[in-house]
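K.L.:
Structure in structure tokens, see below.
The values are calculated or read from the model by the stated rules, or taken from the named source; none is laboratory data. Predicted model, so just to flag it, every value in this text is computed and none were measured. Ideal geometry is used to build each Cβ from the backbone, glycine not excepted, and the neighbour counts take in all protein chains shown.
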Amino acid sequence: MENRSFVTIAEQSKEKILYLLEMAKEFEKKPNRRLLAEKVVATLFFEPSTRTRLSFETAANRLGARVIGFTDPKVTSSSKGETLKDTIMMVSNYADIIVMRHFLEGAALYASEVAPVPIVNAGDGANQHPSQTMLDLYSIYKTQGTLENLNIYLVGDLKYGRTVHSLLMAMRHFNPTFHFIAPKELQMPDEFKLYCDKHNINYTESSEFNDETIADADILYMTRVQRERFTDLMEYERVKDVYILRKDMLEHTRPNLRILHPLPRVNEIAYDVDDSPKAYYFQQAQNGLYARQAILCDVLGITLDEVKADTLK
Ligand code: CP
């Protein structure tokens, strides 16, 4: 049987990405439907989350599904030593889809290889966050009117930031120019720079972050320095506040510039930026609902035509 899991953005074709964005647009027009009535969606979060879990659960609820799951593995039998495989096999007995966030890179792929039901990767360690990428792409498309030929600045923790890794891979279809801005401890890993070389993605690298360096940006994608990924907390202290976007830095930026951030933010965007029309991170999080409705339908084989034809409340 075809495995319809949604594990990595790297395996999604341009056509598939555009198709899912079209579906997300349909859900934005009408979020409340019964397309998943009688389905059960399990959300297994082995790591903390606010947006990803709540937007997946909202997506499932607004599509008529019921939701089970956990937000803290300490209250599950994995704390007694149950393996990930056994947990996945057990939950597959109860649910039609498993949405999983796990601290281990590759955990979602592994789960998709053992599970009889589709797995949706809600983030695996520092590796991938493909559903975040779909909402990022939807946000970019909505604000720029295109995904093609954009100047995208990725700022902050490019080493551990799974959202920037996934976004970079997805954008290979759309001829972007990336600008990687990070302190030397948190630079984009070589494997992703090699990926850029292999797929003819233009990029520059710098540790400078000021109003001049971002003057030609279409998208400024800020990221949090992730304390939880550091083994050396002294190193975290050294780099945690290295880049802070202030409102005055936006004065000479392009009118179409939009500031994205997967959130949560800590200090990297000053609060006065929130009032700028260029700040888009809260709307970006809202777009997660529509993008995730599209993903849940797609992994169950519900097509765009069926979504378009659906007129039931
Ligand atoms: N963007 C994101 O993954 O946020 P959460 O960690 O709150 O889910």
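K.L.:
Looking at region 56-70, is at least one residue at pLDDT 95 or above, out of contact with any Cys (no Cβ under 6 Å at 6 or more places or on another chain) and under 19 Å from ASN127 (Cβ atoms)?
P.N.:
The initial filter retains those residues of region 56-70 that are at pLDDT 95 or above, namely 56-70.
Now restrict to residues that are out of contact with any Cys (no Cβ under 6 Å at 6 or more places or on another chain): 56-70.
Then drop every residue that is not under 19 Å from ASN127 (Cβ atoms), which leaves 56.
For region 56-70, residues at pLDDT 95 or above, out of contact with any Cys (no Cβ under 6 Å at 6 or more places or on another chain) and under 19 Å from ASN127 (Cβ atoms): present.
K.L.:
So which residues in region 135-156 are without any contact (Cβ under 8 Å) to a residue 60 or more places away in the chain and closer than 11 Å to ASN175 by Cβ?
P.N.:
Once the filter is applied, which keeps residues that are without any contact (Cβ under 8 Å) to a residue 60 or more places away in the chain and closer than 11 Å to ASN175 by Cβ, region 135-156 yields THR146, LEU147, GLU148, ASN149.
K.L.:
Can you find a residue in region 217-224 that is under 23 Å from GLY125 (Cα atoms) and at pLDDT below 95?
P.N.:
Taking region 217-224 as the starting set, the residues that turn out to be under 23 Å from GLY125 (Cα atoms) are 221-224.
If we keep only those that are at pLDDT below 95 too, we end up with 224.
Looking for residues that are under 23 Å from GLY125 (Cα atoms) and at pLDDT below 95, one finds at least one in region 217-224, hence yes.
K.L.:
A further question on this structure: Taking SER55, is it within 15 Å of the ligand (Cβ to nearest atom), farther than 20 Å from GLU228 by Cβ and of a type in the set (Ser, Thr, Tyr)?
P.N.:
On the way: within 15 Å of the ligand (Cβ to nearest atom): yes; farther than 20 Å from GLU228 by Cβ: yes; of a type in the set (Ser, Thr, Tyr): yes.
Criteria met by SER55.
K.L.:
Same structure, new question: For region 98-134, give me each residue that is in contact (Cβ under 8 Å) with a residue 60 or more places away in the chain, among the hydrophobic types (A, V, I, L, M, F, W, C), out of contact with any strand residue (DSSP E or B) (no Cβ under 6 Å at 6 or more places or on another chain) and not in a loop (DSSP other than H, G, I, E, B).
P.N.:
The answer is LEU109, MET134.
K.L.:
Pick from region 223-282 the residues that are out of contact with any helix residue (DSSP H, G or I) (no Cβ under 9 Å at 6 or more places or on another chain) and among the basic types (Lys, Arg): which of them is farthest from GLU47 (Cα to Cα)?
P.N.:
Looking at the filtered set, the residue picked out is ARG254.
K.L.:
If you don't mind, there's one more thing I want to ask. Mind checking which residues of region 48-64 are closer than 18 Å to GLU26 by Cα, in contact (Cβ under 8 Å) with a residue 24 or more places away in the chain and touching a strand residue (DSSP E or B) at 6+ places or on another chain (Cβ under 8 Å)? First the steps, then the outcome.
P.N.:
Let us first name the residues in region 48-64 that are closer than 18 Å to GLU26 by Cα, namely 55-56, 58-64.
Keeping just the survivors that are in contact (Cβ under 8 Å) with a residue 24 or more places away in the chain gives 55-56, 58-60, 62-64.
Across region 48-64, the qualifying residues are PHE56, ALA60.
K.L.:
Same structure, new question: Could you tell me which numbered condition VAL67 fails, if it satisfies all but one of (1) over 18 Å from PRO130 (Cβ atoms); (2) within 16 Å of the ligand (Cβ to nearest atom); (3) not in a strand (DSSP E or B)?
P.N.:
(3)
K.L.:
On the basis of being free of Cβ contacts under 8 Å to residues at least 24 places away in the same chain, among the acidic types (Asp, Glu) and away from the ligand (no atom under 13 Å from the Cβ), does GLU185 make the cut? Spell out the reasoning first.
P.N.:
On the way: free of Cβ contacts under 8 Å to residues at least 24 places away in the same chain: no; among the acidic types (Asp, Glu): yes; away from the ligand (no atom under 13 Å from the Cβ): yes.
Considered against the rule, which asks whether it is free of Cβ contacts under 8 Å to residues at least 24 places away in the same chain, among the acidic types (Asp, Glu) and away from the ligand (no atom under 13 Å from the Cβ), GLU185 comes out as no.
K.L.:
Tell me the residue from TYR236, TYR290, TYR280 that is free of Cβ contacts under 8 Å to residues at least 40 places away in the same chain and either crowded, with 18+ Cβ neighbours inside 10 Å or among the aromatic types (Phe, Trp, Tyr) (or both), please. Show your work before the answer.
P.N.:
On the way: TYR290 fails: free of Cβ contacts under 8 Å to residues at least 40 places away in the same chain; TYR280 fails: free of Cβ contacts under 8 Å to residues at least 40 places away in the same chain.
None of the other options fit; the residue is TYR236.
K.L.:
Next up: So, of the residues in region 293-309 that are touching a residue at least 60 places away in the same chain (Cβ under 8 Å) and surrounded by fewer than 16 Cβ atoms within 10 Å (Cβ to Cβ), which turns out to be nearest to the ligand (Cβ to nearest atom)?
P.N.:
Start the filter on region 293-309 by keeping residues that are touching a residue at least 60 places away in the same chain (Cβ under 8 Å), which leaves 293-302, 304, 306-308.
Adding the requirement that they be surrounded by fewer than 16 Cβ atoms within 10 Å (Cβ to Cβ) leaves 301, 306, 308.
Numbers: GLY301: 26, GLU306: 28, LYS308: 29 Å.
Here the answer is GLY301.
K.L.:
Follow-up. What residue, among those in region 135-153 that are part of a loop (DSSP other than H, G, I, E, B) and under 17 Å from PHE178 (Cβ atoms), is farthest from the chain's Cα centre (by Cα)?
P.N.:
In the first step, residues of region 135-153 are kept if they are part of a loop (DSSP other than H, G, I, E, B); the result is 145-150.
Now drop any that are not under 17 Å from PHE178 (Cβ atoms), which leaves 146-150.
On the way: THR146: 19, LEU147: 16, GLU148: 19, ASN149: 21, LEU150: 19 Å.
Taking the candidates together, the pick is ASN149.
Every residue, every condition in (1) surrounded by fewer than 20 Cβ atoms within 10 Å (Cβ to Cβ); (2) away from the ligand (no atom under 16 Å from the Cβ); (3) in contact (Cβ under 8 Å) with a residue 24 or more places away in the chain, yes or no:
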{"position": "THR204", "(1), (2), (3)": "yes, yes, yes"}
{"position": "ILE214", "(1), (2), (3)": "no, yes, yes"}
{"position": "TYR221", "(1), (2), (3)": "no, no, yes"}
{"position": "VAL225", "(1), (2), (3)": "no, no, yes"}
{"position": "THR231", "(1), (2), (3)": "yes, yes, no"}
{"position": "LYS247", "(1), (2), (3)": "yes, yes, yes"}
{"position": "ARG258", "(1), (2), (3)": "no, yes, yes"}
{"position": "PRO262", "(1), (2), (3)": "no, no, yes"}
{"position": "VAL266", "(1), (2), (3)": "yes, no, yes"}
